[in-house]
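The structure appears below as structure tokens.
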């Protein structure tokens, strides 16, 4: 499966995305993390080994699913740090951010995991 995730501790979900993930795989990941109790956790999405082939409508549908989860959450959703290596992954962030900002969820893109983790730590302190 191109999307593997682990709840690292009470505050972080580490997500590795490889290959060419589909809309259904992204949707399953969102639902699985919510069921595992990770909705409010910070997310580290490592997309450095992924190639995105999603339509704008797919990304908007995923963002809508996150917005719905935020509405059902008993607290704010955690911040999201996306680590990218290719321009196509930046497109995902830009499309997703358009809708995800409605959840008042911090979202940032980084070139490496260390910078992303440092930002997530700071963002969580501000929650």
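Sort 62, 115 by Cβ crowding within 10 Å, fewest neighbours at the top. Before the final figure, lay out the partial values.
Numbers: 62 21, 115 14.
Result, fewest neighbours first: 115, 62.
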> What full-extension length gain, to one decimal in nm, is calculated for residue 60 and residue 76 as 0.36 nm per residue of separation minus the Cα-Cα distance?
Replying inline: 3.8 nm
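Every number here is computed from the coordinates shown, using simple stated rules; none is lab data. In this text the structure is predicted, and so the values were computed from the model without any measurement. Cβ coordinates were reconstructed from backbone atoms using ideal geometry, including for glycine residues, and neighbour counts include every protein chain displayed.
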